[in-house]
There are 2 protein chains.
Amino acid sequence: MSLRPPRRALAPWNYCYTITPPFAGRPQVITNSKVAYHEHDHARCEHAAMAQARNVCRARGARLTPSREAVLQLIWQNHKPIGAYALIEKLTALNGKRVLPPTVYRAIDFLLDLGLIHRIASLNSFIGCPFPGSAHSDLFLVCRACGSAAECSAEGINSAIAATAARAGFSAESQSVEILGLCPQCNLQATESTP
Amino acid sequence: MSLRPPRRALAPWNYCYTITPPFAGRPQVITNSKVAYHEHDHARCEHAAMAQARNVCRARGARLTPSREAVLQLIWQNHKPIGAYALIEKLTALNGKRVLPPTVYRAIDFLLDLGLIHRIASLNSFIGCPFPGSAHSDLFLVCRACGSAAECSAEGINSAIAATAARAGFSAESQSVEILGLCPQCNLQATESTP
DNA sequence: TCAATAATGTTATGTTATAACATTATATTT
DNA sequence: AAATATAATGTTATAACATAACATTATTGA
């Protein structure tokens with residue numbers, strides 16, 4: 001009877017997003033869209049996010065205090081962007097004690113600075129970043145039906161944007177790219193009910 | 001003495017934006033970036049915008065009422081996105097009489113519906129569209145120093161976005177693409193003052 | 001002219017975000 | 001361990017952005 005060596009455990013975040021390597025005609029893509037719109041073991045997403053947050057904070061010498069951690073956890077409760085005032089309500093419910101806007105906005109600012117969350121400008125809301133720490137410029141696919149949003153970092157888009165900016169002599173520094181539409185699930189339902 | 005036929009007058013909006021035809025490796029580009037960031041005869045932009053607005057309204061059977069026209073004119077006062085409350089103040093000053101939020105927001109909604117203006121989500125503000133009526137999906141290059149924004153419609157970006165959405169099985173309907181950085185002018189000044 | 005529709009006026013309120021200053025907790029130095 | 005500096009949080013107040021709901025007036029079209 002032969003024993004195979006135990007397979008090395010997948011780092012939790014390797015489950016949460018996929019990296020498509022570049023090949024002919026296909027730029028590299030990193031995205032969590034496989035997970036964001038479908039049934040999945042979301043606890044793994046949460047754990048991965050919190051673990052990565054701790055790593056990023058350690059690396060940057062920043063403190064993931066209880067209120068910051070609580071806000072991040074709430075943001076990671078699902079894959080839907082959440083607004084600051086919804087966070088305030090949830091935190092108030094959790095704490096038993098009234099939480100005020102500056103408390104939440106400070107936590108949000110901290111998490112934004114570290115790249116642990118992103119702001120979805122078109123919704124005035126916030127979503128966790130599945131791959132913080134790794135340089136990427138973002139694009140969000142936001143479903144108008146279920147509210148879920150997936151993040152994609154696609155070299156092709158970044159280079160197209162860079163080319164457009166360069167053509168205009170514009171020096172790009174940051175970007176907000178948000179696509180509104182229907183996720184695979186919701187699109188399926190929409191086309192089914194419209195014969 | 002020979003008389004040359006008079007040159008046909010340029011339609012005013014042909015001055016306000018440029019169209020780069022597609023050729024090998026270069027997708028078609030429509031943009032007002034040449035004008036937006038530089039000294040120019042802005043009256044021509046304003047006139048072109050108002051003329052196009054009248055055309056679009058006629059074509060769509062919509063009424064460009066005085067308050068709608070006033071709001072559009074104010075938005076076209078320059079190439080910087082302007083917020084609803086700044087519009088309210090300017091309108092109040094113009095009218096002598098207090099203008100209230102719903103008045104302005106209704107005009108904004110009307111102009112948005114017709115595609116005569118766009119909303120810059122990351123700034124909660126509004127900017128005139130240089131090429132309404134012609135189908136285009138938008139990208140804005142917003143200067144963080146002078147506040148000017150140019151609009152670009154580049155086939156390359158649209159196709160890259162479409163490919164990314166398709167890869168995720170996402171059905172895209174609308175988009176908000178906003179690049180923040182420095183326009184040519186402001187970038188020049190920034191690099192000059194930092195030796 | 002009448003009726004229907006579209007646009008505007010008006011009051012009130014909802015939602016998102018930040019300024020300013022006081023207090024408390026943590027880290028650093030001695 | 002005490003003193004100091006720095007970072008984080010608490011608290012009050014308000015700024016900035018946006019819409020709901022209903023009354024009134026203008027325009028269109030029969």
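Could you tell me which numbered condition residue A:144 fails, if it satisfies all but one of (1) more than 16 Å from DNA strand C (Cβ to nearest atom); (2) within 14 Å of another protein chain (Cβ to nearest Cβ)?
Condition (1) is where residue A:144 drops out.
Go over the candidates B:62, B:51 one by one and state the one that is outside any helix (DSSP H, G or I), touching a helix residue (DSSP H, G or I) at 6+ places or on another chain (Cβ under 8 Å) and surrounded by fewer than 20 Cβ atoms within 10 Å (Cβ to Cβ).
Only one candidate passes the filter, namely B:62.
For region B:73-126, what are the residues that are within 12 Å of DNA strand C (Cβ to nearest atom), more than 14 Å from every other protein chain (Cβ to nearest Cβ) and among the aliphatic types (A, V, I, L, M)?
Scanning region B:73-126 gives B:84, B:88, B:91, B:99, B:100, B:104, B:107, B:108, B:111, B:114.
Looking at (1) out of contact with any Leu (no Cβ under 7 Å at 6 or more places or on another chain); (2) more than 20 Å from residue B:173 (Cβ to Cβ); (3) more than 16 Å from DNA strand C (Cβ to nearest atom); (4) in contact (Cβ under 8 Å) with a residue 40 or more places away in the chain, which is the one condition that is false for residue A:132?
(1)
Of B:172, B:160, B:107, B:149, which residue is small (Gly, Ala, Ser) and modelled with pLDDT under 95?
Just a single option satisfies the conditions, and that option is B:160.
Within region A:154-164, does at least one residue satisfy the condition of being in contact with a Leu (Cβ under 9 Å, 6 or more places away or on another chain) and without any contact (Cβ under 8 Å) to a residue 12 or more places away in the chain?
yes
Of the conditions (1) more than 7 Å from every other protein chain (Cβ to nearest Cβ); (2) part of a loop (DSSP other than H, G, I, E, B), residue B:169 clears all except one; give me its number.
Of the numbered conditions (1) more than 7 Å from every other protein chain (Cβ to nearest Cβ); (2) part of a loop (DSSP other than H, G, I, E, B), the odd one out for residue B:169 is (1).
For residues that are under 25 Å from residue A:23 (Cα atoms) and buried (at least 19 other Cβ atoms within 10 Å of the Cβ), scanning just region A:155-166, find the one that is farthest from the other protein chains (Cβ to nearest Cβ).
By that ranking, first place goes to A:158.
The values are calculated or read from the model by the stated rules, or taken from the named source; none is laboratory data. Given the structure is predicted, the values throughout are model-derived calculations rather than measurements. Ideal geometry is used to build each Cβ from the backbone, glycine not excepted, and the neighbour counts take in all protein chains shown.
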